[in-house]
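See structure below.
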Ligand SMILES: Nc1ncnc2c1ncn2[C@@H]1O[C@H](COP(=O)(O)OP(=O)(O)O)[C@@H](O)[C@H]1O
Ligand SMILES: [Mg+2]
């Protein structure tokens, strides 16, 4: 023990007169330190050890990566236990087989054992998400950031066409219904106020939230639910990685970020939809826009924005939660998707009502 | 290799699902650097035991100490450290289906090791080559056979150079050549790193070749039939059921 070498890993090459490259390796090898950057030269290489301390598989893998293309590799100067690990890998690449049959693994996603729809489980999941968020902020959580960027795209950008279509039609319908009433009192110019106020405060966020439930909650529930089936979440837990942090957090963050942006987009498209109807007979474009700009205050914009953040969170969380508690079967995954959409839409409408009360109290 | 020290100790362990006890009164100790085979008929609770020993499921009763840490009370950092220092192959492989084999093995490394991407790649390629998958590294789990998925799962379990590795039926679905290679790999890992291995296997020759100890789970009594070196059970004597397991399988 006392004279065990403890230096950093090192490697050097000497080319002998007969062309044989002698590589000397030594030190303490660990996957946590920088390994020597050295390529094997020539097609005859002999590796010897000098002051070699403890090593993990970084050393055999280092040797394997360099030695596999060398025609004549002599490892006899290494300890037997190290030699055996390098040659084992070499043999593998020679006898590697071709695929014969196709296994049917479920898509990436899995966790939660029971299907408990209980409130306790739901609160626990919210708690885990919040805790995971804190751990992420302090840099402790393991988060799959590639899921985050993927979801920015699929839950955000890819939703633009449907959000545009539904936002446009919502504005159009509101203007149409509003005009019928306003014509009776000869106040058709206020249709612009009606549409823009409703879109900003209410419909932009609500429509986008509901679309997110239909598109995203269901997708998340089935992704994570099927990961339960294939034990992929178990595999994460076995590595000491929390599935909530690794899988749910990036999804929730991405959607909570994208839904407000989509809602703003829907709002403007809706106002435009109203304009198409209003300007078809009753108003001029200028009249409509002047009224609309007057109606959209910062306050109402803020109200809509706050709501859309909450709706985005709810939609993403509902999907992740139902996926997490999905039963371990194909049927369970389907149920999870359905119940995610139902749960998401219900929570969104209920919280919309709560927001109405709260904003009323604060006079927003 | 620190011989002698018991790395895994079970005392009166009871395992099961929910309230249903599958096995109880399990007591044994495994010294570090040894190989333990868990044997018994299908459905007797081998996978359940593995999950409890690895700290993935709560036992119904009793106590498991893994690497000196009591699994029942280990929380937070202790638990993390146990999970980080163990590897687990699930019976169903449980590969991440959206990642290629290489990415499956790189994932834990990227999360836990601080070395550069190039070295991680090199390590992952090496581990896949160890299990004979050097030519399938860029395939998705859905594009490979069950036996290949098993081997990729083994490579992932080995990704972080675990001190204890749990392998649930590693040789099921493997051809005899791959299965023999796997035995060899387990022995070499133990020789090089002193890795402790707990595995479930039905293959008597392979158990006799690799295992230092075996524990037989007897579904009729609901507890362990015997614990000891596999060679002891080749002679008729103390544990007739275990003897039958070893000898019957040897005749076919
Ligand atoms: N997720 C589960 N929920 C409830 N019971 C289970 C579950 N998994 C396995 N079991 C039951 O536990 C017993 C032991 O199963 P298992 O440990 O998988 O057996 P083995 O691996 O020895 O074939 C079986 O009776 C099985 O039906
Ligand atoms: Mg099993």
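The values are calculated or read from the model by the stated rules, or taken from the named source; none is laboratory data. Note that this is a predicted model, so its numbers are computed, not measured. We place every Cβ from the backbone using ideal geometry, glycine too, and count neighbours over all the protein chains shown.
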The lone condition residue B:74 fails out of (1) more than 9 Å from chain A (Cβ to nearest Cβ); (2) closer than 26 Å to residue B:23 by Cα; (3) in contact (Cβ under 8 Å) with a residue 40 or more places away in the chain is (3)
Any chance residue B:13 is crowded, with 22+ Cβ neighbours inside 10 Å, more than 16 Å from ligand 2 (Cβ to nearest atom) and within 14 Å of chain A (Cβ to nearest Cβ)
no
Is it true that residue B:167 is within 16 Å of ligand 1 (Cβ to nearest atom) and within 14 Å of another protein chain (Cβ to nearest Cβ)?
yes
Take the range A:140-186 and flag every residue that is assigned to a loop (DSSP other than H, G, I, E, B) and either within 10 Å of the chain's Cα centre (by Cα) or within 25 Å of residue A:274 (Cβ to Cβ) (or both).
A:143, A:144, A:185, A:186
Just one of the numbered conditions (1) crowded, with 19+ Cβ neighbours inside 10 Å; (2) modelled with pLDDT under 90; (3) within 16 Å of ligand 2 (Cβ to nearest atom); (4) not assigned by TED's automatic domain parsing to the domain that holds residue B:204 is not true of residue B:174; which one?
(4)
Residues that are within 23 Å of residue B:31 (Cβ to Cβ), at least 3 per element: which helices (runs of 4 or more DSSP H) completely within the range B:73-171 meet that?
B:76-84
Restricting attention to the range B:189-203, and to residues there that are crowded, with 20+ Cβ neighbours inside 10 Å and part of a helix (DSSP H, G or I), which single residue is farthest from ligand 2 (Cβ to nearest atom)?
B:192
Take the conditions surrounded by 20 or more Cβ atoms within 10 Å (Cβ to Cβ) and either under 30 Å from residue B:205 (Cβ atoms) or away from ligand 1 (no atom under 16 Å from the Cβ) (or both) and apply them to residue B:76. Does it pass?
no
Scanning the range B:99-125 residue by residue, the ones that are closer than 27 Å to residue B:47 by Cβ, surrounded by fewer than 20 Cβ atoms within 10 Å (Cβ to Cβ) and at the interface with chain A (Cβ under 7 Å from one of its Cβ atoms) total 1
Verdict on residue B:88 being within 7 Å of chain A (Cβ to nearest Cβ) and in contact (Cβ under 8 Å) with a residue 40 or more places away in the chain
yes
Suppose we filter A:75, A:82 for residues that are at the interface with chain B (Cβ under 9 Å from one of its Cβ atoms), more than 30 Å from residue A:233 (Cβ to Cβ) and at pLDDT 85 or above; which single one remains?
A:82
Residue tally, condition within 13 Å of ligand 2 (Cβ to nearest atom) and within 14 Å of another protein chain (Cβ to nearest Cβ), over the range B:20-51:
4
The one condition residue B:55 fails out of (1) more than 14 Å from chain A (Cβ to nearest Cβ); (2) away from ligand 2 (no atom under 16 Å from the Cβ); (3) out of contact with any strand residue (DSSP E or B) (no Cβ under 6 Å at 6 or more places or on another chain) is (1)
Mind telling me which of the residues A:311, A:268, A:301 ends up being surrounded by 24 or more Cβ atoms within 10 Å (Cβ to Cβ), at pLDDT 90 or above and under 23 Å from residue A:155 (Cα atoms)?
A:311
Considering only residues that are away from chain A (no Cβ under 14 Å) and buried (at least 20 other Cβ atoms within 10 Å of the Cβ), look in the range B:58-69 and name the one that is nearest to ligand 1 (Cβ to nearest atom).
B:59
Considering only residues of the range B:18-50 that are outside any strand (DSSP E or B) and more than 8 Å from ligand 1 (Cβ to nearest atom), which is surrounded by the fewest Cβ atoms within 10 Å (Cβ to Cβ)?
B:19
For residue A:165, are the conditions met, namely being free of Cβ contacts under 8 Å to residues at least 60 places away in the same chain, in contact with a helix residue (DSSP H, G or I) (Cβ under 8 Å, 6 or more places away or on another chain) and either assigned by TED's automatic domain parsing to the domain that holds residue A:134 or under 30 Å from residue B:99 (Cβ atoms) (or both)?
no
Restricting attention to the range B:204-221, and to residues there that are within 16 Å of ligand 1 (Cβ to nearest atom) and not in a loop (DSSP other than H, G, I, E, B), which single residue is surrounded by the most Cβ atoms within 10 Å (Cβ to Cβ)?
B:214
Candidates A:202, A:232, filtered to the one that is over 14 Å from the mean Cα position of the chain (by Cα) and more than 14 Å from chain B (Cβ to nearest Cβ)
A:202
I'd like to check something: does the range B:72-88 contain any residue that is modelled with pLDDT of 90 or more, within 16 Å of ligand 2 (Cβ to nearest atom) and touching a helix residue (DSSP H, G or I) at 6+ places or on another chain (Cβ under 8 Å)?
yes
Checked the range B:222-248 for anything farther than 21 Å from residue B:51 by Cα and within 16 Å of ligand 1 (Cβ to nearest atom); matches are B:241, B:242, B:245
